[in-house]
Amino acid sequence: MKREHYKSLRTISHEEPLGPGGPLCAGCGGLLCLRLFHKALGENVIFVNAAGCFTLLASYPFTPLRSSWIYTAMACAPAGAQGIRDALDILKAKGNLAPEDDRKVVVLTGDGAAQDIGLQSTMAAIHRGLDFYYLCYDNEAYGNTGFQTSASTPYGSRTATCPITTSSPHGNLHERRDLFEIWRVQKPPYLATISAAYPLDLSEKVYRAAKFTGPKLFIALTPCPPGWDLDPEWSVDVARLAVETGVWPLKEAVHGEVSHTFRPRQLKPVEDYLKRQGRFRHLFEPKRDDETIAHIQTTVNSYWSKITGNASPAPAEAQATVT
Amino acid sequence: MTRAMLTGNAAAAWGARLAQVDYVPAFPITPQTEIIETLARWITAGEIATRMVTMDSEHSMLAAAGTAAATGVRVFTATSSQGLVYGFEMLYAIAGLRLPLVLVNVSRALAHPITLEPDHNDVLSARDTGFLQFHAETSQEVLDSILMAYRLAEHPDVLLPAIINLDGFYLSFTRETVELPALEEVNAFLPPFAPTFSVLSGPESVALGAAVLDPSLYTYFKHQMHRATDATLQLYPKIAGEFAERFGRRYGLIDEFMLDDADYVIVMTNSFAATGKAEVKRLRQQGKRIGLARLRVIRPFPHAEIQRVLRGRKGVAVVDQNISVGKGGILFGEIASTLYGLTDRPPVLVSFIGGLGGRRFRPGEFDGMLARIERPLENPGEMAEPNLLFTPNECREVGRFFAIAGEGEDTNET
């Protein structure tokens with residue numbers, strides 16, 4: 001996939017629409033994604049926040065955002081976006097808002113809101129063809145409440161509601177639900193997975209999405225240092241490993257047609273990714289849990305073999321894109 | 001001005017039309033649906049410039065209503081019963097953000113058991129949210145209350161949303177003559193929406209609904225909301241007076257019926273008050289000095305007006321068409337607390353629960369209520385305990401249903 005606009009890191013804006021000093025955790029993968037996402041979006045943005053970690057972005061009387069922001073509730077940020085988009089269109093039609101003052105409406109949710117309590121309002125907004133952006137910062141659990149299992153939690157992860165005990169040594173035993181595929185069912189104009197470790201891929205996708213009217217949906221895998229039990233400084237490394245091991249495929253779907261925007265030449269073993277995170281420590285200590293590790297590797301292999309048409313875990317014929 | 005035969009629901013739609021609302025997020029529920037269907041028909045016929053969107057739930061509907069108001073347009077929406085409680089979280093959010101929209105609630109009793117008929121547990125569950133509440137008896141009042149509600153809600157000293165309540169079926173589907181004011185007249189009373197607060201579409205960035213990490217801040221903002229309801233009570237006479245001057249219909253906070261020389265007062269709300277008024281008239285013909293006070297505005301609660309209307313009476317019966325299970329009538333408690341400080345408060349104040357799930361008053365029940373408040377209270381418990389209206393005939397009827405259901409309970413003797 002050839003990038004049209006974001007060819008080098010220098011292309012990324014030096015403007016900082018997201019100020020430092022917010023109350024979010026050190027090394028928050030979601031915040032880093034939001035920063036890059038906002039740079040690519042540019043000005044004239046209204047964020048619509050669902051309950052989640054980003055609830056605390058603005059705490060009275062401070063906001064780190066130069067753009068406008070409204071907090072709704074956990075289930076209904078996409079519905080809130082509908083009200084704003086419609087109101088902006090009404091004001092434009094009445095001549096009360098100049099076209100150049102129009103705003104991009106951007107929903108911010110975590111995976112708990114996106115996958116569970118807010119799935120209905122999201123599906124409805126996509127169905128109505130709402131012209132909006134949706135950024136799901138997916139840290140694979142209910143992060144803000146202390147890392148409880150969500151429908152995004154991967155197989156084998158420890159969470160606050162799937163603690164590791166002698167009678168339950170494997171962690172979460174549900175497979176991660178594929179939100180990308182759920183959203184893709186309705187063939188939104190633009191849908192992509194992104195990672196803060198791949199800023200050019202991320203920015204280019206926002207650039208591409210801007211050409212479409214309608215739902216423009218993004219799911220970012222965002223390492224959560226306290227929940228994933230990793231050092232904040234490893235946040236970007238672990239995000240990169242998720243892509244390099246094939247756990248987090250970078251892809252897009254235009255009107256439902258999928259293409260991968262980055263294909264690792266050789267997939268690293270999932271172990272490289274799992275070992276860095278305390279939430280998977282029980283798979284390696286005190287005794288190695290080969291069965292669970294193999295299960296996770298098989299799931300990744302099976303995904304990529306469908307993409308590459310190759311039974312091998314490594315998509316050998318795939319072309320790598322250097323970012 | 002023209003006259004039309006309109007159901008309560010159609011009058012609500014006309015209220016929205018004449019208020020020239022910009023935006024209607026909608027979700028169907030019986031008995032409200034006729035309101036959004038009427039608006040949809042006008043919109044698709046190009047008769048009004050309003051934009052409507054059908055949402056996936058009342059929760060989403062209210063979310064869109066709130067954010068649209070926060071963006072700076074005039075918003076109207078409607079629901080009933082289960083829908084109101086489904087969207088309940090957003091009622092607090094809308095009021096807390098101080099967004100002046102109007103929501104019509106067509107009352108319907110809450111499940112379980114499921115029913116379509118009205119009582120007021122739905123709307124009164126929202127009494128603590130910060131929404132202003134206007135309860136209507138007639139189709140005309142539904143329409144007029146919507147216009148007055150926008151005036152009040154959008155006033156910079158108020159900035160609170162409003163609920164207009166009408167009873168499902170008894171008013172929602174009853175056709176009555178309604179005077180439709182001319183649009184120019186309405187425009188003069190209620191000019192197009194011009195927000196006096198920071199909106200999302202404005203030139204400066206705003207953060208709305210930011211967390212407060214200090215309890216004093218939370219307290220401050222809640223106090224502000226409460227103060228805004230005081231402002232509503234102060235503004236009400238002026239706005240109702242202006243409305244009366246322009247349209248010829250005067251609405252008090254309380255509708256006073258045959259109260260002038262009344263020793264005994266029945267307190268009611270909404271469309272069932274029409275039955276109460278007919279009964280009061282009948283009892284008057286028998287020489288009874290009885291009147292009826294219908295609470296029209298329930299939030300803000302009109303303390304001073306209630307004191308004025310009820311002080312010095314010999315006996316008051318509060319008929320609640322709701323039940324706070326484990327306590328009794330919701331409005332009874334509110335009225336009792338309002339009267340407590342008066343030295344000339346009515347010595348007899350008795351609570352009755354009637355009209356649950358649309359239950360009609362039975363012959364003799366108003367005579368019974370009057371007889372009860374004509375008699376001095378024998379012990380304080382009599383005032384604290386609600387009287388649950390139910391007749392032996394109904395008991396026997398219920399017994400028949402039990403028999404069919406195989407329960408076999410004998411209710412003949414109760």
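Identify all residues within the stretch B:92-125 that are of a type in the set (Val, Ile, Thr) and farther than 19 Å from B:Ile35 by Cα; write none if there are none. The answer is B:Ile94, B:Ile114, B:Thr115.
Pick out the one residue from B:Glu242, B:Glu204 that is of a type in the set (D, E, K, R) and closer than 30 Å to A:Pro17 by Cα.
Every option except B:Glu204 fails the conditions.
Among the residues making up the stretch B:363-384, those that are modelled with pLDDT under 95 and surrounded by 13 or more Cβ atoms within 10 Å (Cβ to Cβ) are B:Leu377, B:Glu382, B:Met383, B:Ala384.
Look at (1) out of contact with any Phe, Trp or Tyr (no Cβ under 6 Å at 6 or more places or on another chain); (2) surrounded by 14 or more Cβ atoms within 10 Å (Cβ to Cβ); (3) closer than 26 Å to B:Ile254 by Cα and you find that B:Lys327 fails only one, number (2). Any residue at all in the stretch A:150-162 that's within 19 Å of A:Ala125 (Cα to Cα) and either modelled with pLDDT of 95 or more or in contact with an Asp or Glu (Cβ under 6 Å, 6 or more places away or on another chain) (or both)? No, the stretch A:150-162 contains no residue that is within 19 Å of A:Ala125 (Cα to Cα) and either modelled with pLDDT of 95 or more or in contact with an Asp or Glu (Cβ under 6 Å, 6 or more places away or on another chain) (or both). With respect to the conditions (1) without any contact (Cβ under 8 Å) to a residue 24 or more places away in the chain; (2) in contact with a strand residue (DSSP E or B) (Cβ under 8 Å, 6 or more places away or on another chain); (3) over 30 Å from A:Asp86 (Cβ atoms), B:Ala210 lacks only one, and its number is (3).
Do the conditions hold for B:Asp214, that is, is it within 27 Å of the chain's Cα centre (by Cα) and of a type in the set (D, E, K, R)?
It is false that B:Asp214 is within 27 Å of the chain's Cα centre (by Cα) and of a type in the set (D, E, K, R).
Selection of the stretch A:66-93 for residues being over 11 Å from A:Val107 (Cβ atoms), at the interface with another protein chain (Cβ under 7 Å from one of its Cβ atoms) and either outside any helix (DSSP H, G or I) or touching a His at 6+ places or on another chain (Cβ under 8 Å) (or both) yields A:Arg66, A:Ser67, A:Ser68, A:Trp69, A:Tyr71, A:Ala73, A:Ala75. Here A:Ala40 fulfils each of the conditions (1) touching a helix residue (DSSP H, G or I) at 6+ places or on another chain (Cβ under 7 Å); (2) facing chain B (nearest Cβ under 10 Å); (3) outside any loop (DSSP other than H, G, I, E, B) apart from (2).
Only residues that are more than 10 Å from chain A (Cβ to nearest Cβ), loosely packed, with under 15 Cβ neighbours inside 10 Å and farther than 22 Å from B:Ala13 by Cα: list them for the stretch B:179-219, please. Once the filter is applied, which keeps residues that are more than 10 Å from chain A (Cβ to nearest Cβ), loosely packed, with under 15 Cβ neighbours inside 10 Å and farther than 22 Å from B:Ala13 by Cα, the stretch B:179-219 yields B:Thr196, B:Pro215, B:Ser216, B:Thr219. In this structure, is B:Leu152 within 16 Å of B:Arg3 (Cα to Cα) and at pLDDT 95 or above? The answer is no for B:Leu152. Set side by side, the residues B:Ala240, B:Ala228 differ, and just one is part of a helix (DSSP H, G or I), out of contact with any Phe, Trp or Tyr (no Cβ under 9 Å at 6 or more places or on another chain), at negative phi and buried (at least 16 other Cβ atoms within 10 Å of the Cβ), which is B:Ala228.
Residues are listed down the side, and each one gets a yes or a no for (1) within 14 Å of chain B (Cβ to nearest Cβ); (2) farther than 30 Å from A:Arg276 by Cα; (3) surrounded by fewer than 24 Cβ atoms within 10 Å (Cβ to Cβ):
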position	(1), (2), (3)
A:Leu119	yes, yes, yes
A:Thr122	yes, yes, no
A:Leu135	no, no, no
A:Asn139	no, no, no
A:Gly143	no, no, no
A:Thr153	no, no, no
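Answer with yes or no whether A:Leu97 is facing chain B (nearest Cβ under 9 Å), touching a Leu at 6+ places or on another chain (Cβ under 8 Å) and assigned to a loop (DSSP other than H, G, I, E, B). In short, yes.
The single condition among (1) touching a Leu at 6+ places or on another chain (Cβ under 9 Å); (2) in contact (Cβ under 8 Å) with a residue 60 or more places away in the chain; (3) within 7 Å of another protein chain (Cβ to nearest Cβ) that A:Thr55 does not meet is (1). Restricting the search to the stretch B:169-197, which residues are assigned to a loop (DSSP other than H, G, I, E, B), out of contact with any Gly (no Cβ under 8 Å at 6 or more places or on another chain) and touching a residue at least 24 places away in the same chain (Cβ under 8 Å)? Across the stretch B:169-197, the qualifying residues are B:Arg175, B:Pro181, B:Ala182, B:Leu190, B:Pro192, B:Thr196, B:Phe197. Of the helices (runs of 4 or more DSSP H) contained entirely in the stretch B:1-96, those carrying at least 1 residues that are within 26 Å of B:Thr115 (Cα to Cα), within 14 Å of chain A (Cβ to nearest Cβ) and at pLDDT 95 or above fall at B:58-71, B:81-86, B:88-96. Answer yes or no as to whether B:Met369 is closer than 19 Å to B:Arg289 by Cβ, assigned by TED's automatic domain parsing to the domain that holds B:Leu259, of a type in the set (A, V, I, L, M, F, W, C) and not in a strand (DSSP E or B). So B:Met369 fits the description; yes. Say whether the condition of being surrounded by fewer than 18 Cβ atoms within 10 Å (Cβ to Cβ), modelled with pLDDT of 95 or more and not charged (D, E, K, R) is met by at least one residue in the stretch B:163-173. Yes; the residues of the stretch B:163-173 include at least one that is surrounded by fewer than 18 Cβ atoms within 10 Å (Cβ to Cβ), modelled with pLDDT of 95 or more and not charged (D, E, K, R).
With the condition kept exactly as written, say whether any residue in the stretch B:131-147 is over 22 Å from B:Leu39 (Cα atoms) and part of a helix (DSSP H, G or I). Checked the stretch B:131-147: no residue is over 22 Å from B:Leu39 (Cα atoms) and part of a helix (DSSP H, G or I).
The values are calculated or read from the model by the stated rules, or taken from the named source; none is laboratory data. Not measured: the values here are computed from a predicted model. Positions of Cβ are generated from backbone atoms using ideal geometry, with glycine treated the same way; all protein chains shown enter the neighbour counts.
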